[in-house]
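A short worksheet on the structure shown next.
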Amino acid sequence: MPEPRPSPTGHYFSANPEVASNPSTVVLTLPDARFELTTDRGVFSSTKVDPGTRVLLLEAPPPPSGKVTLVDVGCGYGPIALTLARRSPEATIWAVDVNERALELCAENARRAGFADRIRTCTPNEVPADLTVDGIWSNPPIRIGKPALQDLLATWLDRLSIDGTATLVVHKHLGADSLARWLQTRGHAVNRIASRAGYRVLAVSGAVAPTTPTSPAATQHPPEAS
Ligand SMILES: C[S@@+](CC[C@H](N)C(=O)[O-])C[C@H]1O[C@@H](n2cnc3c(N)ncnc32)[C@H](O)[C@@H]1O
């Protein structure tokens, strides 16, 4: 199943989930990393690592190396942020989420994995206004709705360095292809770098092509995400 539906007791993207806390542990096993992650009710994919997240982490190219700045947009309890920290040992990783419970879990998981000094957890409002990033990684919150999702991605793509890449995973049944077309209307080059179990992994360029009246970037009404 693609992205879990919101529970009857609230959305996984609530700032403060109403559902009572009941922490548990999930294991993320990858060829190059293994993390035991504390999770909880009221956060995304609390009972197992999301299959889309696994596809992203299995299929995406390694993050840039050196003293780079990366962001995990919608970090949840941290599987992507921690993997980035492992794969790019000098990187600073911003782990951003609206869900305070998820942020606490991500910070705790980062601390236990030894990444407390390099993973910075925060809400979108706490992101420094002048932050620029060398790479974006995200299993984005499709269920916040198309306008909010487009705003979110536009905000972060505007922070991406011109030679940076945003690596996104989206299920085809949750609008991966129409999202790719919308990104192209903004002038980004979009490559589908993997397609597995219904999930698309998209590499989106930070560079934006100049627009012309007939190019996709000039489209006034981007296609509806399906
Ligand atoms: C599909 S989940 C992915 C969570 C985590 N990265 C994982 O792979 O398990 C998307 C996350 O985005 C968060 N989110 C929703 N709106 C957001 C926003 N405006 N800014 C940042 N994160 C947001 C949700 O709370 C949720 O944790």
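Residues in region 136-166 that are within 17 Å of residue 184 (Cα to Cα) and aromatic (Phe, Trp, Tyr): 156 only. Taken over region 133-177, the criterion of being of a type in the set (D, E, K, R) and away from the ligand (no atom under 12 Å from the Cβ) is satisfied by 134, 146, 158, 159, 163, 172, 177. Filter region 59-92 for residues that are over 17 Å from residue 134 (Cβ atoms) and of a type in the set (Gly, Ala, Ser); which is farthest from the ligand (Cβ to nearest atom)? Top of the filtered list is 78. Residue count for region 104-117 satisfying the condition of being within 13 Å of the ligand (Cβ to nearest atom) and charged (D, E, K, R): 1.
When region 163-197 is examined, which residues are found to be part of a strand (DSSP E or B) and over 22 Å from residue 133 (Cα atoms)? Scanning region 163-197 gives 171, 194, 195, 196.
Filter region 39-58 down to the residues that are charged (D, E, K, R) and in contact (Cβ under 8 Å) with a residue 60 or more places away in the chain, then identify the one that is farthest from the ligand (Cβ to nearest atom). Steps first, answer last, please.
Of all residues in region 39-58, those charged (D, E, K, R) come to 40-41, 48, 50, 54.
With in contact (Cβ under 8 Å) with a residue 60 or more places away in the chain added as a condition, the list becomes 40, 50.
Numbers: 40: 12, 50: 5 Å.
It comes out as 40.
For region 59-88, a residue qualifies if it is over 25 Å from residue 13 (Cα atoms) and of a type in the set (Ser, Thr, Tyr), and the qualifying residues are 65, 88.
Can you find a residue that is surrounded by fewer than 24 Cβ atoms within 10 Å (Cβ to Cβ), over 22 Å from residue 163 (Cβ atoms) and not hydrophobic (A, V, I, L, M, F, W, C) anywhere in region 98-107? Steps first, please.
Step one: list which residues in region 98-107 are surrounded by fewer than 24 Cβ atoms within 10 Å (Cβ to Cβ), which gives 98, 100, 103-104, 107.
In the following step, the residues that additionally are over 22 Å from residue 163 (Cβ atoms) were identified as 98, 100, 103-104, 107.
Applying the additional criterion that residues be not hydrophobic (A, V, I, L, M, F, W, C) yields 100, 104.
Looking through region 98-107, at least one residue is surrounded by fewer than 24 Cβ atoms within 10 Å (Cβ to Cβ), over 22 Å from residue 163 (Cβ atoms) and not hydrophobic (A, V, I, L, M, F, W, C).
In region 136-154, the residues that are closer than 23 Å to residue 91 by Cα form Cβ pairs under 6 Å with partners that are β-branched (Val, Ile, Thr) and more than 7 Å from the ligand (Cβ to nearest atom), at six or more places apart or across chains, as follows: 136/71; 137/167; 139/169.
Results for (1) at pLDDT below 95; (2) within 25 Å of residue 183 (Cβ to Cβ); (3) of a type outside the set (A, V, I, L, M), shown as yes or no for each residue.
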{"position": "104", "(1), (2), (3)": "no, no, yes"}
{"position": "110", "(1), (2), (3)": "no, no, no"}
{"position": "124", "(1), (2), (3)": "no, yes, yes"}
{"position": "132", "(1), (2), (3)": "no, yes, yes"}
{"position": "140", "(1), (2), (3)": "no, yes, yes"}
{"position": "150", "(1), (2), (3)": "no, yes, yes"}
{"position": "155", "(1), (2), (3)": "no, yes, yes"}
{"position": "164", "(1), (2), (3)": "no, yes, yes"}
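Figure legend. Inter-residue proximity from region 191-206: first residues under 19 Å from residue 50 (Cα atoms) and among the small types (Gly, Ala, Ser), second residues in a strand (DSSP E or B) and at pLDDT 95 or above, beta-carbon distance below 7 Å, spacing 6+ or different chains. Indicated pairs: 194/201; 198/171. Scoring residue 120 on the criteria (1) more than 12 Å from the ligand (Cβ to nearest atom); (2) closer than 25 Å to residue 194 by Cβ; (3) touching a residue at least 12 places away in the same chain (Cβ under 8 Å); (4) in a strand (DSSP E or B) leaves a single failure, condition (2). Which one of these is assigned to a loop (DSSP other than H, G, I, E, B), modelled with pLDDT of 95 or more, crowded, with 18+ Cβ neighbours inside 10 Å and not basic (Lys, Arg): 66, 76? Only one candidate passes the filter, namely 76. Restricted to region 60-85, and to residues there that are touching a strand residue (DSSP E or B) at 6+ places or on another chain (Cβ under 9 Å) and among the polar types (S, T, N, Q), the residue that is farthest from residue 42 (Cα to Cα) is 69.
The values are calculated or read from the model by the stated rules, or taken from the named source; none is laboratory data. Quick caveat: nothing in here was measured; it's all calculated off a predicted structure. Cβ: placed from backbone, ideal geometry, glycine included. Neighbour counts: every protein chain shown.
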